[in-house]
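Notes to accompany the following structure.
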Amino acid sequence: MHTTGQPYKKHKGIEGTFDAIVIGSGMGGMTAATLLAKDGKAVLLLEQNSVVGGLTQSYSRKGYKWNTGLHYIGDVANPKTMTYKLFHHVTDGQVDWAPLPSIYNKMVIGERVFDIPAGREAQVGALKSWFPDEADAIDRYMELVYQASRASTPYFAQKALPQAMINENMDALSAPFHALSDRTTLEVLSELTDDKLLIAVLCANWGDYSSPPHRSAFAMHCMLNRHYMNGGSFPVGGASVLADAMMPIVENNGGQVLHSAEVEEILIENGRAVGVRLAGGETVKAPIIISNAGVQNTFARLMSSEHSEACGMSDNLKTVDDTYALVGINLGLNKPAAELGIEPANYWAHPGTNFEASLAAHAQDFSAPFPWTFITFPSAKDPDWEKAYPGKSTVEMYAYTHFEHFQKWRDTRWMKRGEDYLAMKSEIKTRLLAELDRFVPKARAAIEVAEVSTPLSYETFVKRERGGFMGIESTPARFRKSWLRAETPIKGLYLTGQDVTTDGIIGALMGGVISASAVLGRNLVAEIRAQTPG
């Protein structure tokens with residue numbers, strides 16, 4: 001069963017007292033708020049947008065519905081997995097998951113398509129059938145994927161501990177993980193094989209974890225691929241069912257969930273966070289403040305430079321980098337998916353094997369091919385879609401880009417950016433539809449609605465500076481920063497979400513669990529692991 005109501009409401013004034021305030025309702029904020037509520041805490045969750053859910057939200061227009069950031073999740077098809085248990089716990093079991101077919105990703109390198117099947121043995125078999133001379137490299141690669149996954153457990157567990165405790169124990173807890181995170185994905189894979197096509201296939205979905213092979217930490221690549229090793233699933237009813245299930249838990253335990261409630265400043269007194277001031281001037285106090293706004297927004301936008309500098313975070317922020325920006329298009333089609341030849345599998349399409357060269361070319365010239373294009377079909381994944389939208393289907397497409405190509409319109413307002421901006425969006429539409437034609441040629445004639453997004457869309461609606469789609473880049477340097485943790489140098493202020501752990505929905509979920517663990521002084525991961533769902 002999944003819920004469909006949205007009890008949360010628009011901010012029109014705040015009454016009552018709260019044990020904690022959570023800034024931002026993305027997956028990390030919702031998770032932290034829900035876990036504290038389950039512990040009996042009255043939580044105030046404040047969302048600046050008009051919709052709760054961050055990049056797990058959905059939106060409807062002209063008889064169609066699209067998702068913004070959740071397109072598939074791994075490791076939830078089996079109730080024994082930790083990922084399933086975490087989602088089950090924070091949603092009170094109110095979200096159902098629909099498994100994708102065995103072929104869940106299609107890696108496209110140039111004109112060649114590689115169908116990726118679910119299951120370790122099936123993937124190894126497929127890879128060896130395509131690259132028979134690389135059998136040893138493929139076996140070793142799979143060993144490292146699982147090795148990194150095992151090593152990640154103690155590494156992320158330490159992020160819930162106080163900084164003072166970690167200063168002495170960081171190496172002991174993290175050494176096995178750092179052995180795989182200190183090097184880039186390309187460095188490690190290039191030692192296993194010199195087959196550039198094999199490397200490209202293995203890394204084709206790097207958009208799932210924010211950084212290309214020559215920049216990403218190999219451990220991040222391994223964790224992501226292990227997460228999807230047994231395939232993908234989609235939440236029945238669409239991404240918004242997560243907020244629909246989680247937010248009543250907060251409100252039923254004495255909390256409030258408010259949208260259109262932008263936090264302008266975190267209030268700090270005598271070195272301690274004591275509350276927040278909203279954009280309209282209203283102030284709310286609480287002994288615990290949890291920020292899901294991202295570490296950069298938290299310390300550069302939501303507090304004075306004086307406080308940020310005094311605690312050392314201003315200097316820390318100079319050492320991290322944003323993730324990539326996107327252009328995209330959401331399509332509403334007036335025919336069902338089956339009639340158009342649409343299947344649930346995602347496409348990750350690249351111009352060729354030299355990812356670095358593609359990135360450099362597009363950075364220099366927007367008209368150069370997009371470094372990658374991601375195509376996903378939510379209506380084909382959701383078994384409830386046909387009941388709600390009979391005879392229709394949807395497509396969501398995204399392509400990597402650079403924010404610099406959109407810098408000239410940054411100071412303009414939504415819907416009032418000018419004719420040249422509209423011309424840019426028209427070009428994006430043309431290019432993305434040409435890509436769609438390669439894989440679903442029947443779709444174009446069925447298009448009834450087409451909405452283009454740019455990095456400015458993400459900057460406007462989810463406050464992502466420079467349109468960054470995820471959090472902090474998952475480079476080797478990132479995983480060496482012990483200050484990227486739930487506890488901050490300011491007492492009473494905690495971080496949650498992707499920046500605490502890793503990029504993506506699962507990273508944000510884990511960031512919320514770690515944040516709540518730090519606040520409560522308990523190992524919630526261990527507690528949830530011991531539970532038996534259902």
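Close amide H contacts of Asn346 (hydrogens built in the peptide plane, cut-off under 5 Å, sequence separation of 5 or more or a different chain): Asn105, Lys106.
Cα centroids of region 72-135 and region 499-534: 22 Å apart.
Residue-wise HN-Hα couplings along region 446-455, as the Karplus relation 6.51 cos²θ - 1.76 cosθ + 1.60 with θ = phi - 60° gives them from phi, are 9, 5, 10, 9, 9, 10, 9, 10, 10, x Hz; Gly and Pro carry x.
Taking each of Lys159/Lys381; Lys196/Lys442; Lys318/Lys491; Lys38/Lys62; Lys159/Lys285 in turn, the alpha-carbon distance tops 31 angstrom for Lys159/Lys381; Lys196/Lys442; Lys38/Lys62.
The radius of gyration of the Cα set in region 40-189, together with its Dmax, comes out at 20.4, 60 angstrom. Scanning the chain for trypsin sites (Lys or Arg not before Pro) in DSSP loops with at most 10 neighbouring Cβ atoms within 10 Å leaves 81-317 as the longest stretch between them. Taking Cα centre as origin and charging only the Cβ of basic (Lys, Arg, +1) and acidic (Asp, Glu, -1) residues, the dipole magnitude of region 397-455 rounds to 60 debye. Once the Cβ-Cβ distance of Ala360 and Lys62 is raised to the sixth power relative to R0 = 41 Å, the FRET efficiency obtained is 0.60.
Per atom type, the chain shows carbon and sulfur on 49% of its accessible surface, probed at 1.4 Å. Val236 exposes around 10 Å² of accessible area when a 1.4 Å probe is run over every protein chain in place. Mind grabbing the base-10 log of I(q)/I(0) for region 73-159 at q = 0.10, 0.16, 0.21 Å⁻¹? Debye formula, identical points on the C-alpha positions, no solvent, two decimal places. Results for region 73-159 at q = 0.10, 0.16, 0.21 Å⁻¹ read -0.38, -0.87, -1.13.
Would you be so kind as to identify which of Phe177, Ser216, Asn205 lies farthest towards the positive end of the dipole of the chain, taking Lys and Arg as +1 and Asp and Glu as -1 on Cβ and the Cα centre as origin? Ranked along the dipole, the leading option is Asn205. Relative to the current alpha-carbon distance between Ala368 and Asp321, full extension at 0.36 nm per residue lengthens the span by 14.5 nm. Per residue, the solvent-accessible area of region 11-105 (1.4 Å probe, heavy atoms of protein chains only, all protein chains present) comes to 33 Å².
The string of couplings for region 106-115 from the Karplus curve (6.51, -1.76, 1.60, θ = phi - 60°) is 10, 8, 10, 10, x, 9, 9, 10, 10, 7 Hz, one whole number per residue in order, with x for Gly and Pro. Remark: region 41-156 carries a charge dipole of roughly 520 debye about the Cα centre, counting +1 on each Lys and Arg Cβ and -1 on each Asp and Glu Cβ.
The modelled label-to-label distance between Arg112 and Lys285, using points 7 Å beyond Cα along the C-beta direction, is 6.6 nm. Database remark: amide H of Ala450 closer than 5 angstrom to the amide H of Gly332 (H placed geometrically; neighbours at sequence offset of 5 or more, or on other chains; Pro and chain starts carry no H). Here the dipole of region 127-220 is about 360 debye; that uses its Cα centre as origin and unit charges on the Cβ of Lys and Arg (positive) and Asp and Glu (negative). Taking every DSSP beta bridge that has both ends in the chain, the antiparallel portion is near 70%. If you take all C-alpha pairs in region 411-534, what percent of them are over 19 Å apart? Beyond 19 Å sits 67 percent of the P(r) for region 411-534. Once the Cβ-Cβ distance of Glu309 and Asp139 is raised to the sixth power relative to R0 = 56 Å, the FRET efficiency obtained is 0.65.
Length gained on full extension, Lys442 to Ser190, computed as 0.36 nm times the residue gap minus the Cα-Cα distance: 86.8 nm. Are there any helices in the chain, counted as whole DSSP H runs, that stretch 30 Å or more along their axis by Cα and score at least -1.0 on average by Kyte-Doolittle, and if so which? Those that clear 30 Å and a mean of -1.0 are 135-157, 419-439. The Cα center of region 179-204 and the Cα center of region 274-334 differ in position by 33 Å. For region 262-372, the convex hull spanned by the alpha carbon atoms encloses 226 Å³ per residue. Only Cα sites of region 317-445 enter the Debye sum here, all with the same form factor; the resulting log10 I(q)/I(0) across q = 0.10, 0.12 1/Å is -0.40, -0.57, listed in q order.
Just check the chain against the gyration tensor rule for me: Cα atoms, a ≥ b ≥ c as the square roots of the eigenvalues, rounded for a/c under 1.5, and otherwise prolate or oblate depending on whether a/b exceeds b/c. Rounded.
The values are calculated or read from the model by the stated rules, or taken from the named source; none is laboratory data. In this text the structure is predicted, and so the values were computed from the model without any measurement. Virtual Cβ from ideal backbone geometry, glycine too; neighbours counted across all protein chains shown. Calculation scope for accessible area: heavy atoms of the full protein, side chains included, ligands and nucleic acids excluded. Shrake-Rupley method; radii C 1.70, N 1.55, O 1.52, S 1.80 Å.
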